[in-house]
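As structure tokens, the structure follows; a few thoughts come after it.
Derivation of every value follows stated rules applied to the coordinates shown; laboratory data play no part. Being a predicted model, the structure only gives us computed values, none of them experimental. When we count neighbours, we look across all protein chains shown, and the Cβ atoms used for this are built from the backbone with ideal geometry, even at glycine.
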């Protein structure tokens, strides 16, 4: 199996909070889309999101491959991309 080149990986460039657990994501390939995270909020590790201030305090990982929150909560960019562009 050949190793995928870094330049071909989907990376997260920017995030805009739209409220109600929806975020607008922009990727390095120029595509932009909205993902609704309502179905995760309040469940399992995402219980922390019930605090709106906690949810709003996200960052993009240094390698731009995850959307992250404190307490080791993160979402993989590949999954987010697939959710938007099914």
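Some notes on this structure:
- Extension gain for residue 65-residue 84 works out to 5.3 nm (0.36 nm per residue, less the C-alpha to C-alpha distance).
- Relative contact order (%) - criterion: Cα under 8 Å, at least six apart; region: the stretch 6-84: 24 percent
- Taking other C-beta atoms within 10 Å as the exposure proxy, 54, 27, 85 rank 85, 54, 27 from fewest upward.
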